[in-house]
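The values are calculated or read from the model by the stated rules, or taken from the named source; none is laboratory data. Predicted model, so just to flag it, every value in this text is computed and none were measured. Glycine gets a Cβ as well: all are built from the backbone with ideal geometry, and neighbour counts include every protein chain shown. Ligands, DNA and RNA are excluded from the accessible area calculation, which covers all protein heavy atoms including side chains. Shrake-Rupley method; radii C 1.70, N 1.55, O 1.52, S 1.80 Å.
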Amino acid sequence: MRDRQVARDARRAREFEAFVAGAAGRLLHTATLLTAEAPDGNPRARRLLTRALAHTYARWDRLLAEDPYDGARQYLATRFARATWHRYGVLGRARRPDPRSPLAALTPQERLILVLRLYEGVAEEQTAALLGLPRERVRTICDRAAATLLHPVRPPATRAMNTKVAPS
């Protein structure tokens, strides 16, 4: 009996290590985009990823036919949303993102929806269900976030003063 348990634990550890080797890089990039940190300095994203992987490992035997990547991504997204909500009261405000982040101009909710929809390829209906939002709201937020990134607001340029010179 003990030998069977040891063999099962070893198999579980090997399977999880293979999953982490294949998925951790993409999940870290997703977490870095969500937290709007610089890719080279992302402690919040790394903590978020560690929690998601720990949660996935704890559920590993119960996943059965489910995709562990989907479960880890879902936990990552909900943990980010919950932490942002509890820290700031709403999902729209957060600490100032790193200006080197490609999504620094977006609110946390916009980043979350944009990353899930465009980077991760999660369907609109699944994103809405995950976040508890109507599908139309998810579409609107995604469109607004994409427009913000494609057409950033630029500070007004200082114009050179046009002085008219009288003809001589």
When Lys and Arg each count +1 and Asp and Glu each count -1, what net charge do the other residues less than 13 Å away from Arg8, Cβ to Cβ, add up to? +1
Please list 3J(HN,Hα) in residue order for the stretch 7-18, calculated via the Karplus relation 6.51 cos²θ - 1.76 cosθ + 1.60 where θ = phi - 60°; whole Hz, with x for glycine and proline. 5, 5, 5, 5, 5, 4, 5, 5, 4, 5, 4, 5
Skipping prolines and chain starts, which residues have an amide H placed within reach, meaning under 5 Å, of the one on Ala38, given they are 5 or more residues away or on another chain? Asp98
Potential lengthening between Asp143 and Glu17 on full extension [0.36 nm per residue; Cα-Cα distance subtracted]: 41.6 nm
In order through the stretch 105-119: 3J(HN,Hα) via Karplus (6.51 cos²θ - 1.76 cosθ + 1.60), integer Hz, x for Gly, Pro: 7, 9, 6, x, 5, 5, 4, 4, 5, 5, 5, 5, 6, 8, 7
On the full set of protein chains, 1.4 Å probe, figure out the accessible area of Asp40 and give it in Å² to the nearest 10. 120
Coordinate range along principal axes, alpha carbons of the stretch 24-69, Å, largest first: 36, 14, 13
Shape box of the stretch 3-42 [Cα atoms, principal axes, largest first, Å]: 46, 15, 13
Which whole-number percent is the relative contact order of the stretch 1-139 (Cα, under 8 Å, 6+ apart)? 23
Give the Cα extents of the stretch 2-144 along the principal axes, in whole Å, largest first. 56, 33, 25
Would you kindly derive the ³J(HN,Hα) couplings of the stretch 126-142 from the backbone phi angles with the Karplus curve 6.51 cos²θ - 1.76 cosθ + 1.60 (θ = phi - 60°), listing them in order in whole Hz, with x for Gly and Pro? 5, 4, 4, 5, 5, 9, x, 10, x, 4, 5, 5, 4, 4, 4, 5, 5
Heavy-atom surface of the stretch 1-93, accessible at 1.4 Å and reported per residue (Å²): 60
